[in-house]
Amino acid sequence: MTESSTPILSVAFEADARACLMLGAHRSPVTMVRGRGSWLWDAEGRAYLDLSQGWAVNALGHSPPELVDALAHQARALLNPGPAHVNAPQLAAAHALARASGLDEVFLCSTGAEANEGAVKLARAWGRLHRRGAATIVTTLGSFHGRTLAMTAASGKPGWEQLFAPMTPGFRKVPYGDLAAARAALDDDVAGLLVEPIQGEGGVVVPPPGYLRGLRKLADAAGVLLMCDEVQTGMGRTGRLFAHQAEGIRPDVLTLGKGLGGGFPVAALLARGEVSCFAPGEQGGTYAGNPLAATAAATLLAALEAPGFLSDVERRGALLRSGLEALAADIGGTVRGQGLLLALVLPTPDAPTIVSRAFADGLLINAPRADVMRLTPALNIGDDDLREALQRLRRCVRDAAA
Ligand SMILES: *Cc1c(COP(=O)(O)O)cnc(C)c1O
């Protein structure tokens with residue numbers, strides 16, 4: 001699928017304006033101007049097949065009509081009554097999320113990091129009330145929980161141990177997938193465990209089967225909270241609505257983001273009623289429960305709960321996985337992940353090179369690690385687009401090997 005159009009930005013303006021951006025990360029050289037489904041177009045009219053979707057954010061692809069219509073409708077009705085009042089989309093989203101998760105209370109906010117900050121605050125509020133002031137949060141090595149100061153300290157991302165030091169205290173790291181290490185870390189100072197069901201940014205690392213179930217038992221035995229960070233794995237990404245459901249457990253606290261808004265910034269902190277213990281004034285935010293953000297969340301959840309949607313995610317995941325496995329067999333690599341959160345693990349640290357080649361070939365994927373390529377397509381990607389993506393990827397991987 002290609003479309004031609006005249007460039008909408010002059011080269012001189014683009015160069016001048018780019019110099020005004022505070023760039024904290026590497027960016028591609030192009031400016032994106034339009035998206036639809038699994039396709040994205042830059043200012044020159046070049047088309048890209050997007051198997052990244054904003055790092056697992058656009059669950060229904062680019063600018064899905066039902067989301068665009070719902071947002072436009074809500075924007076005309078009410079943009080922002082302020083956090084001093086409840087609004088209708090906020091009620092709809094909270095009710096739907098509580099019902100879908102089996103948790104009781106929902107706090108809507110803007111980013112995954114903000115939701116995780118809320119989870120840590122809630123665990124400490126709970127520890128103060130129910131566990132003699134226990135405040136330490138156990139997290140895992142290789143984890144990613146966001147980029148605020150506290151979440152930088154909570155994350156087990158290599159290279160972040162002293163990033164923006166002094167580091168926020170109160171986090172204890174254990175190896176991921178290791179139940180014995182988690183058990184050893186749960187002393188009287190611990191209020192809760194914060195863990196991803198699959199480490200996404202860490203390179204799509206899937207723990208051994210039974211890990212979450214084991215953590216649930218350990219948390220119950222020690223009397224601490226089990227908190228799942230499903231900012232990346234939640235909202236259908238793994239073929240279940242929430243990844244922890246595959247282990248048949250319910251966390252005490254759950255955080256969501258990314259796919260929750262389908263491209264609109266919204267995140268959520270959910271908790272069991274017995275755990276939800278903020279006193280008035282302890283938690284809030286200027287944009288908490290914003291009607292547009294809540295509309296996005298309610299719209300996405302409704303789409304994911306449509307009959308057959310999640311089984312289609314599993315089917316598409318199996319299709320993508322089998323294509324990746326064939327490619328992996330050719331190059332001595334492996335495939336890991338679940339549903340449509342998949343990674344091709346290379347025998348060599350060539351992922352950044354392949355990602356650049358793919359970009360030049362009109363395919364968007366990303367490399368969370370030097371030997372890992374992550375694919376997080378739209379959950380409703382068409383089979384033709386999936387096959388086309390696999391074909392382009394195969395070409396890029398072979399070229400890089402040659
Ligand atoms: C992306 C991500 C976050 C951070 O979300 P932001 O919206 O960027 O703050 C937190 N946890 C996990 C597991 C993530 O993948």
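What do you reckon, is Leu163 in contact with a strand residue (DSSP E or B) (Cβ under 8 Å, 6 or more places away or on another chain) and either surrounded by 18 or more Cβ atoms within 10 Å (Cβ to Cβ) or farther than 13 Å from Gly142 by Cα (or both)? In short, no. Looking only at the range 51-105, residues that are part of a loop (DSSP other than H, G, I, E, B) and either within 16 Å of the ligand (Cβ to nearest atom) or at pLDDT 95 or above (or both) come to 19 in all.
Just a yes or no: is a residue in the range 202-210 within 16 Å of the ligand (Cβ to nearest atom), touching a residue at least 24 places away in the same chain (Cβ under 8 Å) and buried (at least 24 other Cβ atoms within 10 Å of the Cβ)?
Yes: one or more hits.
Does the range 221-244 contain at least one residue that is within 13 Å of the ligand (Cβ to nearest atom), at pLDDT 95 or above and among the acidic types (Asp, Glu)? Within the range 221-244 (the criterion being within 13 Å of the ligand (Cβ to nearest atom), at pLDDT 95 or above and among the acidic types (Asp, Glu)), the answer is yes, since at least one residue qualifies.
Applying the condition of being assigned to a loop (DSSP other than H, G, I, E, B) and either among the hydrophobic types (A, V, I, L, M, F, W, C) or touching an Asp or Glu at 6+ places or on another chain (Cβ under 9 Å) (or both) to the range 241-265 and asking which residue is surrounded by the fewest Cβ atoms within 10 Å (Cβ to Cβ) yields Ile249.
Pairing each residue of the range 28-52 that is under 14 Å from Val355 (Cβ atoms) with any residue that is outside any strand (DSSP E or B) and hydroxyl-bearing (Ser, Thr, Tyr), provided the two are 6+ apart or on different chains, yields C-beta distances under 9 Å for Leu49/Ser38; Asp50/Ser38; Leu51/Ser38; Leu51/Thr376; Ser52/Thr376. Only one of (1) within 14 Å of the ligand (Cβ to nearest atom); (2) hydroxyl-bearing (Ser, Thr, Tyr); (3) surrounded by fewer than 16 Cβ atoms within 10 Å (Cβ to Cβ) fails for Ser143. Which number is that? Going through (1) within 14 Å of the ligand (Cβ to nearest atom); (2) hydroxyl-bearing (Ser, Thr, Tyr); (3) surrounded by fewer than 16 Cβ atoms within 10 Å (Cβ to Cβ) one by one, Ser143 breaks only (3). The single residue among Gly133, Gly118, Gly127 that is within 14 Å of the ligand (Cβ to nearest atom) and either modelled with pLDDT of 95 or more or part of a strand (DSSP E or B) (or both) turns out to be Gly118. A count restricted to the range 289-341 and to residues that are assigned to a loop (DSSP other than H, G, I, E, B) and under 19 Å from the mean Cα position of the chain (by Cα) stands at 3.
The values are calculated or read from the model by the stated rules, or taken from the named source; none is laboratory data. Not measured: the values here are computed from a predicted model. Neighbour counts are summed over all protein chains in view; Cβ atoms, including those assigned to glycine, are modelled from backbone coordinates with ideal geometry.
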